[in-house]
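Trainee: Sharing a structure here in structure tokens format.
The values are calculated or read from the model by the stated rules, or taken from the named source; none is laboratory data. Predicted, not measured: the structure shown is a model, and the values here were computed from it. Positions of Cβ are generated from backbone atoms using ideal geometry, with glycine treated the same way; all protein chains shown enter the neighbour counts. Ligands, DNA and RNA are excluded from the accessible area calculation, which covers all protein heavy atoms including side chains. Shrake-Rupley method; radii C 1.70, N 1.55, O 1.52, S 1.80 Å.
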Amino acid sequence: MSVSILDVLNVRHSIYDMFSDLFLYKFDPEEYHQLMDKLKSIEERLGTYMEETGIKVGEIRAVFEQAKRSDYLTEYSSLFISGVGIKPLVPVESKRLFSLMGDRVATFKYNDVVRFYRSRNLVPKISSQFSPEPDHISSLLAFMSLLVEEEFDHRRKGLDAFKVVQDQKNFAITHLFSWIPDWINDVIHDPRSNIFKVVCSQLGDWLKFERDFLGER
């Protein structure tokens with residue numbers, strides 16, 4: 001089956017959007033069920049196209065389905081909100097870097113994220129009971145999804161997509177590849193991690209795919 005660049009961009013947009021949603025705290029039951037529906041929809045809609053990426057949405061669905069929602073809530077809050085444990089697992093770039101490298105690096109990174117957002121006229125908005133920081137992993141992955149969608153629109157209209165591709169590379173190198181793989185490793189090896197051990201393992205595989213994909217563009 002021939003896969004066009006637009007097909008590839010559609011898959012990339014959907015996977016970034018999926019991972020962004022997975023790292024939002026779904027305290028509201030309706031939002032939790034919507035997430036489960038999204039996983040099912042992505043697996044059914046893009047299953048064939050995702051083979052080259054190595055991402056197995058079915059494994060993520062399975063670990064959620066095998067757990068109770070209360071288990072999910074406990075695990076998420078224990079890992080990502082409480083701030084306790086051997087290593088800092090709060091999935092916020094500036095907070096992690098502050099604990100590991102100090103205020104100067106953390107502030108620089110945070111301001112750079114805000115600069116990227118302003119380049120697209122984005123402002124933080126409050127939604128549901130959980131409003132992630134601008135540099136929360138969910139926000140960062142959502143922004144990459146937006147950049148991929150922007151490239152899709154450019155190519156569909158026959159416009160030059162060079163700048164948006166460069167923005168994808170720069171943002172991914174600076175704010176995804178720079179800290180998330182190490183954070184993923186910490187989550188996977190944390191004894192409290194069950195659901196998110198699987199989610200983070202899949203995210204790690206996705207970032208490896210993206211590093212190679214963007215490096216070839």
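Trainee: Residues with beta-carbon under 14 Å from that of Thr74, excluding Thr74: net charge, scoring Lys, Arg +1 and Asp, Glu -1?
Mentor: Charge balance near Thr74 sits at +1.
Trainee: Could I ask something else about it? If you only keep lysine pairs separated by 8 or more in sequence, or across chains, how many in region 4-157 come under 28 Å at the Cα atoms?
Mentor: Value for region 4-157: 23.
Trainee: Between Tyr117, Val57, Ile86, whose Cα lies farthest towards the positive end of the dipole of region 12-142 when Lys and Arg beta carbons carry +1 and Asp and Glu beta carbons carry -1, centred on the Cα centre?
Mentor: The residue sitting most towards the positive pole is Tyr117.
Trainee: Using a cut-off of 13 Å between beta-carbons, work out the net charge of the residues near Lys56 (Lys and Arg +1, Asp and Glu -1, Lys56 not included).
Mentor: Its environment carries a net charge of -4.
Trainee: Which shape class, rounded, prolate or oblate, goes with region 122-217 when its Cα gyration tensor gives a ≥ b ≥ c as root eigenvalues, a/c under 1.5 marks rounded, and past that a/b bigger than b/c marks prolate?
Mentor: Oblate is the answer for region 122-217, as a/c is 1.5 or above yet b/c matches or exceeds a/b.
Trainee: Using heavy-atom solvent-accessible surface (probe 1.4 Å) with all chains present, what is the largest-first order of Lys197, Lys109?
Mentor: So the residues, ranked largest to smallest area, are Lys197, Lys109.
Trainee: By accessible area of protein heavy atoms, probe 1.4 Å, what ranking do Glu133, Glu51 get, highest first?
Mentor: Glu51, Glu133
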